[in-house]
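Note sheet for the following structure.
The values are calculated or read from the model by the stated rules, or taken from the named source; none is laboratory data. Keep in mind it's a predicted model, so treat the numbers as computed, not measured. All Cβ positions, glycine included, derive from the backbone under ideal geometry; neighbour counts span all protein chains shown. Heads up: the accessible areas ignore ligands, DNA and RNA and are worked out on the full protein's heavy atoms, side chains in. Shrake-Rupley method; radii C 1.70, N 1.55, O 1.52, S 1.80 Å.
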Amino acid sequence: MPQQIEAWLQRQGFSEALVAGTTYLYALLFFLTLATVTIWGARRWLAPFLEAQAAKSSITWDNILAQKGFFRRLANLLPVAVLYFTIDILFPAEADLLGEILRRLLLAAFVLVVLGSLDALLQATNLILADKPGTRGKPIKGYTQALTIIAYILAVIFIIGILTNKSPWGLLTLMGGLTAVILLIFKDTILGFVAGIQLSAHDMVRVGDWIEMPKYGADGDVIDVTIHTVKVQNWDRTIATIPTYALVSDAFTNWRGMSESGGRRIKRAIHIDMNSILYCTPEMLEQLGQIELLEDYLQAKEREIAAYNADHCHNPRSPVNGRHQTNIGVFRAYVVAYLRQHPKIHQEMTFLVRHLQPTAQGLPLEVYVFSRDQVWANYEGIQADIFDHLLAALPHFGLRVFQYPSGFDLRAWQPTATPTATNTPGQ
């Protein structure tokens, strides 16, 4: 078509300069008009058509591709391809500078369109794999981000090669010679990528895990794992950011095992004043026998002790001889019975009510059990209810809780008056 216009102008007797300028102007206007029409058609018709076809299909992954803009970016290949193949028609001369510039710009645009489509594809892949049972919670985003970075680097190399008319493989060779500089620039990226592989291979962290890492002020749920950082939403709703490689190089606690076990540990002790520990008298046993949870236990224990003492105790007048029940022992049995019938305590997991090493703060009586409810607020409520009850029940067994004297105790204490020496004559 430009040749026909040029021939017609020459027949009209126009000068060669005017003919060449007019032909170039026509070709350029036609090129810009074609670019406008194809870009408008790709965005107005092709991209909506592809997204509509994806919405009609029964599969779900193409909907995610549409959500991430994959079809809109892919549709841009149409104007790039049409314009590239029309350059030879509009600017046929091999030495045509404008045609050569447009060819290189369109090749660079082709690389950018492919890069944008690949970026959207990787983002969609991350969402698709996040919903798969086998990969749910895995740090997939680290891999997709690493591939995205590699794609961007290759795209920059190819664009530079196209615009400078140099082989991109020569540029890659040049970058190979700058390995030390590249490693220094991308140190965090490389460390994060390797750490992401280790986290995934060893299943150390998943999105949704509760982790605790005091060094970075992290104590909450993992909400995002990327190639550079791991984001943790703390219980106070703040966000802690941890370098990905720090999860491999430093120690942290992952509470996933607790979540998957079906129980949450309750480990707390009541410190008993050892001065309140004593043998149970018959009157005390009769009074404690009115507690429903202890009724069967006390009867069985008394029969067992009586049988033992009949065979082994020859001087029953001293309570030290033979076996006798103590108020701390009966209280410990009561705690066991109380927790055994508690509906919120997991009966199939570790269940201990034990004495710890006596200290200057008294005798610790530790409760080591697991709550069925793992929700933090509910768990704290269950734990508080249990120890509210135990602390209130403790005086019924003749026991006292150890605690340091407070200001109120010291104010209420009245010292005993002591006689003072008086001087008498002759002394």
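Mind checking the stretch 39-110 for GluC sites (Glu not before Pro) that DSSP puts in a loop (not H, G, I, E or B) and that have at most 14 other Cβ atoms within 10 Å?
Passing sites in the stretch 39-110 are GLU94.
Please work out the average accessible area per residue across the stretch 356-395, using the 1.4 Å probe convention, and give it in Å².
47 Å²
With point charges of +1 on the Cβ of Lys and Arg and -1 on the Cβ of Asp and Glu, referenced to the Cα centre of the stretch 247-405, which listed residue (VAL369, GLN290, THR359) lies farthest in the positive direction of the dipole?
THR359
Can you give the accessible area of MET274 in Å² (nearest 10), computed on protein heavy atoms with a 1.4 Å probe?
Accessible surface of MET274 is approximately 90 Å².
Length gain on complete extension for the stretch GLN287 to GLU302, per 0.36 nm per residue less the alpha carbon to alpha carbon distance?
Length difference between fully extended and current span is 4.0 nm.
So if we plug the beta-carbon distance of TYR216 and VAL336 into 1/(1 + (r/R0)^6) with R0 = 41 Å, what FRET efficiency do we get, rounded to 0.05?
0.50
Taking all protein chains in place and a 1.4 Å probe, what share, in percent, of the accessible surface of the stretch 267-414 do carbon and sulfur account for? Could you put the intermediate results ahead of the total?
Details: 4960 of 9220 Å².
Roughly 54 percent, rounded to a whole number.
What is the gain in length, in nm to one decimal, between ALA360 and ARG104 on full extension, counting 0.36 nm per residue of separation less the C-alpha to C-alpha distance? Working shown, then result.
Values: separation 256, 0.36 × 256 = 92.16 nm, distance 8.41 nm.
Result: 83.8 nm gained on full extension.
Report the charge-dipole magnitude of the stretch 267-383 in Debye, nearest 20, computed about the Cα centre from +1 at each Lys and Arg Cβ and -1 at each Asp and Glu Cβ.
320 debye
Could you pull out every one of the lysines with an alpha carbon less than 24 Å from that of LYS187, ignoring same-chain neighbours closer than 8 positions?
LYS138, LYS141, LYS215, LYS231
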